[in-house]
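The values are calculated or read from the model by the stated rules, or taken from the named source; none is laboratory data. Since the model is a prediction, treat every value here as computed from it, not as a measurement. Glycine gets a Cβ as well: all are built from the backbone with ideal geometry, and neighbour counts include every protein chain shown. When the accessible area is computed, the model is the full protein with side chains, heavy atoms only, and any ligands, DNA or RNA have been set aside. Shrake-Rupley method; radii C 1.70, N 1.55, O 1.52, S 1.80 Å.
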Amino acid sequence: MAGSEDVERTGRAAHIRSFVRRQGRLSNAQQRYHQHMMARIGVPYRAAAVDLDLLFGRRAARILEIGFGMGETSAAIAAAHPENDYLGVEVHTPGVGSLCKLVAEMGLTNLRIVQHDAVEVLRDMLPPGSLDGVHIFFPDPWPKTRHHKRRLLQPAFVELLAGRLRADGYIHCATDWEEYAQQMLAVLSADSLLENTATAFAPRPADRQPTRFEQRGLRLGHGVWDLIFRRRQDSLQAEDHRQDQLA
């Protein structure tokens with residue numbers, strides 16, 4: 001997931017974009033599937049809570065994926081877990097078109113897409129306690145120190161994520177940039193609603209298929225670090241305390 005230093009003011013809060021809006025090369029197939037499938041599985045952004053049961057036509061575990069790239073991992077996980085529903089958030093049209101193509105070819109019925117900024121989707125469309133899990137695989141590391149403010153995994157964003165999880169819901173992040181992995185570990189560990197499922201970094205789960213970013217990193221000799229945190233079972237009381245402090 002790419003990034004930008006632009007600060008976007010939405011009328012409710014200001015945040016630094018973690019992506020650059022660029023069109024990229026859109027193939028004929030991506031354009032065709034984007035146009036056809038987004039009318040069926042696309043979820044337009046609006047500043048109002050979405051009814052996930054109505055959206056998917058059933059009640060099931062709900063997993064959010066932020067920045068799904070070209071969508072191969074998203075489609076593979078959705079296919080392997082038809083009992084779950086998946087909501088993918090991505091801003092770049094080629095990636096959205098690519099995932100639309102995979103959804104159509106694989107006949108997936110448990111995946112929907114929002115083509116919009118993830119912060120605004122989380123803040124405005126997803127109610128507290130509505131998610132069973134969040135996937136953030138290989139977000140842009142913004143390696144230069146002066147660009148670290150553009151990174152997606154910041155304390156305010158993690159606080160927003162944690163508040164959208166049900167008790168025992170999880171956040172699964174992965175990166176091939178060690179310094180960013182250490183920052184992710186520190187930021188996730190600092191949130192009072194979350195607890196680490198491992199001593200530090202988690203073993204790579206078997207069902208997380210390699211993404212293009214991961215494969216590229218491995219070819220370049222990078223390591224890969226997974227982090228899996230869960231919302232504490234007793235965190236509803238902690239969240240009430242947090243809201244009292246903010247009031």
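Could you report region 63-197's accessible area per residue, 1.4 Å probe, as an integer in Å²?
31
Please compute the modelled spin-label separation between H222 and A80, points set 7 Å along Cα→Cβ, answer in nm with one decimal.
2.0
If the chain were replaced by its equivalent ellipsoid, with semi-axes equal to the square roots of 5 times the Cα gyration tensor eigenvalues, what would those be, largest first, whole Å?
26, 22, 19
Compute for region 101-247: radius of gyration divided by Kirkwood radius, i.e. Rg/Rh, restricted to C-alpha atoms, rounded to two decimals.
Computed over Cα atoms, the ratio is 0.97.
Label points 7 Å out from Cα along the Cβ direction at S192 and L55: separation in nm?
2.9
What would the Debye equation give as log₁₀ I(q)/I(0) for region 25-120 at q = 0.15, 0.18 Å⁻¹, counting only Cα atoms as equal point scatterers?
Once normalised to I(0) and log-transformed, intensities are -0.52, -0.76.
Please report the relative contact order for the chain, taking Cα pairs under 8 Å with a sequence separation of at least 6, and give it as a percent rounded to a whole number.
Once normalised by length, the contact order is 19 percent.
Carbon-plus-sulfur fraction of the accessible area of the chain, 1.4 Å probe, in percent?
Carbon and sulfur: 51 percent of the exposed surface of the chain.
If you build a Gaussian network model of the chain, linking Cα atoms that sit under 10 Å apart, which residue out of D207, D226, D140 swings the most?
Result: D207 has the largest fluctuation of those listed.
Count neighbours as other Cβ atoms within 10 Å of each site's Cβ, and list the trypsin sites (Lys or Arg not before Pro) in region 111-187 that are DSSP loop with at most 12 such neighbours.
Those that pass, being in a loop and sparsely packed, are K144.
For region 96-229, with only Lys/Arg (+1) and Asp/Glu (-1) charged at the beta-carbon, what is the dipole magnitude about the Cα centre, in debye rounded to 20?
For this selection, approximately 440 debye.
Over all directions, what mean area does the Cα convex hull of region 138-223 project, stated in square nanometres?
That works out to 6.2 nm², a quarter of the Cα hull's surface.
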